[in-house]
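Q: My structure is below; once you've seen it, I'll send some questions.
The values are calculated or read from the model by the stated rules, or taken from the named source; none is laboratory data. All values reported here derive from a predicted model rather than from experimental measurement. Cβ placement follows ideal geometry from the backbone for every residue including glycine, while neighbour counts extend to all protein chains displayed. To get the accessible areas, we keep the full protein, side chains included, count just its heavy atoms, and leave off ligands, DNA and RNA. Shrake-Rupley method; radii C 1.70, N 1.55, O 1.52, S 1.80 Å.
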Amino acid sequence: MKLFIVESPTKAKTLRAYLGKDFLVLATMGHILDLPKNRLGVDVENEFKIDLEVLPKKGKLVTEILSKMKVAEIVYIATDPDREGEGIASHLLNFKVPKVKVHRVRLKEITKEELNKELKKKESINQFLVNSQEARRVLDRILGFGLSPELWHVKKNLSAGRVQSVVLKWICERETEIRNFKPEIYYELFLETKEGLKFYLQENKEKKKFISLEELKKIFPKELTNSKEISIGQKNFSNKEILLISDTKKKNINRYPPMPHTTASLQKEASQVLGFSPEKTMRIASELFEGVETSSGRNGIITYPRTDSVRVSEETKQKVKKILTTKGFEFKDRKSKLAKNKVQDAHEAIRPSNLMLSPNDLDKVTKDEKNLYKLIYDRVITSFMAEAVYEENKIFGKWRDLDFLCSFERLVSAGYLAWKNQTTENKQNSSIQVGDRLELESYSIEEKTTKPKERFTEALLIDKMEKSGVGRPSTYAPTILTLLKRIYITIDKKIIYPTELGEEVNSVISNKFPNFVSDEYTKQMEEELDKIESGEISKLDFLNQFYKDFLEKRKEAKSVFIKRQAKRICPKCEKGVLMNKVSREKKAYELCSRFPDCDFMQYRT
């Protein structure tokens, strides 16, 4: 008997059909070992050795797996091809089952072809990956156990996490900005010609000018001299008015198709297009990866969905080329554009396992599964299509010594937009020449109010995590879910709001330990973990340095906090003094005496 171990029962179900009667397929149901729940479980004095325990309710399962490992002819461990998967694989070997032959299988897609190819490799555990996973777990445990007790005077059993605390800080800071924002009224001025062209007032060659009531009265002295309030809307000119065309510019603009999906880009598009939460997106993506019913049986129909890479294999490119040329489209092979931040690039982009399986062929899956598959399928196909080309037209005009601009685009070549018929035709006139005198028909004044930055949606938050290098593809959705479960945030109509508890938690952590929740520090930790994975640095060297810095930073942070509390110095500008205030909701808070020059505000804990 050959034993094949995976972590997911769905994956096990798919693989049983491929492997046949000679194999017994078992699922670990995720991790089987972890650090103890109620104690540190890390020996910081002895090379950070970890004390792993069998997870609650996993005892019977572990016993069954071990009993089968002891009698198996050979054991294949096919947990996910990432740090966590490698960690689970290493935990299985921690039991030291004697005389068992073990091979590590890394399936980047759940297909029969991929399985047969991987079974022949006979690989072993990647210790660098294991070291990186263990270092991350130790790092998070020390930070969590080191910072969480500071929250217990707010509420018992609260906890602070390394990545989640940074993300919570962003959400709370944005909320503070919005609360402190003071809106201002301004106006925009537009002119419309007899030909139907709409010009807007310019501040310079590219920027629209926002004007005040006083400026408007100077432009329209007769109409607005005695007006205390402006009549907003469109008004026809009573006399003949001419706009003199001073310049025209035309140029072609290329808009390139987006690259194939990464974990982050899939979560963002699924949120924007399908209204999925990141957690729902990853759950459905996992189903598509691990196996769904198709016309040819049960198959995994996408590649591994946790990746930050946008590259695809040469074989995939050739299949895309065949599809495009068959349908009469041009194929363009572009080099993958990697993000500015460090990209692990351990796996391909998310793509269909079989490009011959179009979304229309899926008649045995759920509507959500089909819709997500279509996003993945279309993105891979269009990424190798020609760019869309637009002709940009800019017409500059003068009226009453003021500069105006009319700008519009005309589609020249649809390129990748033709795949989903996303083209719209702009029929505006572009034959106007310098020196033309266009008769004006009307003017319009629009009243606007300055607005603060928008609150985060899940898509915007994931985008910020990715760009800031905070977290990794596998942590984006779980981070938001953890904040929700701990009631640090709420989500209403896709908008994320901090709860009162979340703001209190952020206030304590940000004030007492600002260096642990800085973007740069968290990004640096991720980069160091990547270096452990690639073998550039050792796990022990990293943890020794981290722990030394942790103790120093915690001591320094507490000292600074106590000093600031005694002197009541504003922690943001370090110039103002904190003043006690009470909100309309009877909540006590502190405000910097230099407000609004310094916008620091925090609820009292």
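Q: Which of the following residues is open to solvent by 40 Å² or more (accessible area, probe 1.4 Å), of a type outside the set (G, A, S), touching a helix residue (DSSP H, G or I) at 6+ places or on another chain (Cβ under 9 Å) and in a helix (DSSP H, G or I): E269, E279?
A: Only one candidate passes the filter, namely E279.
Q: Say whether the condition of being touching a helix residue (DSSP H, G or I) at 6+ places or on another chain (Cβ under 7 Å), touching a residue at least 40 places away in the same chain (Cβ under 8 Å) and in a loop (DSSP other than H, G, I, E, B) is met by at least one residue in the stretch 426-436. I'd like the intermediate steps shown before the answer.
A: Restricting attention to the stretch 426-436, the residues satisfying the condition of being touching a helix residue (DSSP H, G or I) at 6+ places or on another chain (Cβ under 7 Å) are none.
No, the stretch 426-436 has no match at all.
Q: Within the stretch 485-509, track down each residue that is more than 16 Å from N157 (Cα to Cα) and open to solvent by 30 Å² or more (accessible area, probe 1.4 Å). Steps first, answer last, please.
A: If we filter the stretch 485-509 for residues that are more than 16 Å from N157 (Cα to Cα), which is where we start, we get 489-500, 503, 507.
T490, I491, D492, K493, K494, I495, Y497, E500 - these are the residues of the stretch 485-509 that are more than 16 Å from N157 (Cα to Cα) and open to solvent by 30 Å² or more (accessible area, probe 1.4 Å).
Q: Separate question: Find the residue count for the stretch 2-18, including only residues that are open to solvent by 20 Å² or more (accessible area, probe 1.4 Å) and over 24 Å from V54 (Cβ atoms).
A: The qualifying residues number 5.
Q: If you take the residues in the stretch 235-266 that are of a type in the set (S, T, N, Q) and in a helix (DSSP H, G or I), which one is farthest from S383 (Cα to Cα)?
A: Among them, the one singled out is T263.
Q: Sticking with this structure for a sec: Filtering the stretch 209-229 down to residues that are modelled with pLDDT under 80 and outside any loop (DSSP other than H, G, I, E, B), which residue is most open to solvent (accessible area, probe 1.4 Å)?
A: Across the stretch 209-229, the extreme among qualifying residues is K222.
Q: To continue, here is another question. Among the residues of the stretch 107-142 satisfying the criterion of being closer than 23 Å to L19 by Cα and assigned to a helix (DSSP H, G or I), which is nearest to the chain's Cα centre (by Cα)?
A: Among those residues, the one meeting the criterion is E114.
Q: Within the stretch 19-30, take every residue that is in a loop (DSSP other than H, G, I, E, B) and either of a type in the set (A, V, I, L, M) or touching a strand residue (DSSP E or B) at 6+ places or on another chain (Cβ under 6 Å) (or both) and give me the one that is surrounded by the fewest Cβ atoms within 10 Å (Cβ to Cβ).
A: D22
Q: Could you grab me the full set of residues in the stretch 573-595 that are open to solvent by 50 Å² or more (accessible area, probe 1.4 Å) and under 21 Å from E500 (Cβ atoms)?
A: Hits for the stretch 573-595 are M579, N580, K581, V582, R584, E585, K586, K587.
Q: OK, next. Is it the case that R104 is under 33 Å from the mean Cα position of the chain (by Cα) and open to solvent by 30 Å² or more (accessible area, probe 1.4 Å)?
A: Details: under 33 Å from the mean Cα position of the chain (by Cα): yes; open to solvent by 30 Å² or more (accessible area, probe 1.4 Å): no.
The answer is no for R104.
Q: Of all residues in the stretch 60-84, which are open to solvent by less than 70 Å² (accessible area, probe 1.4 Å) and β-branched (V, I, T)?
A: The answer is V62, I65, I74, V75, I77, T79.
Q: Listed residues K512, K494; which is touching a helix residue (DSSP H, G or I) at 6+ places or on another chain (Cβ under 9 Å), of a type in the set (D, E, K, R), on the phi > 0 side of the Ramachandran plot and at pLDDT below 95? Working first, answer last.
A: Working: K512 fails: on the phi > 0 side of the Ramachandran plot.
That would be K494, the only listed residue that is touching a helix residue (DSSP H, G or I) at 6+ places or on another chain (Cβ under 9 Å), of a type in the set (D, E, K, R), on the phi > 0 side of the Ramachandran plot and at pLDDT below 95.
Q: Let me ask you something else. Looking for whichever is surrounded by fewer than 21 Cβ atoms within 10 Å (Cβ to Cβ), of a type outside the set (V, I, T) and farther than 19 Å from I125 by Cα here; the options are N46, N94. Which one fits? Steps first, answer last, please.
A: Numbers: N94 fails: farther than 19 Å from I125 by Cα.
One residue alone meets the criteria, N46.
Q: Related question: Restricting to the stretch 443-470, give me the number of residues that are out of contact with any Leu (no Cβ under 8 Å at 6 or more places or on another chain), over 22 Å from R162 (Cα atoms) and among the polar types (S, T, N, Q).
A: 2
Q: So in the stretch 31-43, with the set limited to residues that are surrounded by fewer than 18 Cβ atoms within 10 Å (Cβ to Cβ) and of a type in the set (D, E, K, R), which one is nearest to G300 (Cα to Cα)?
A: K37
Q: Test K370 against the stated conditions and say whether it is over 30 Å from S286 (Cβ atoms), among the charged types (D, E, K, R) and open to solvent by 30 Å² or more (accessible area, probe 1.4 Å).
A: Spelling it out, it is not the case that K370 is over 30 Å from S286 (Cβ atoms), among the charged types (D, E, K, R) and open to solvent by 30 Å² or more (accessible area, probe 1.4 Å).
Q: Of all residues in the stretch 126-165, how many are under 21 Å from D80 (Cβ atoms), among the β-branched types (V, I, T) and either touching a Pro at 6+ places or on another chain (Cβ under 6 Å) or open to solvent by 10 Å² or more (accessible area, probe 1.4 Å) (or both)?
A: 1
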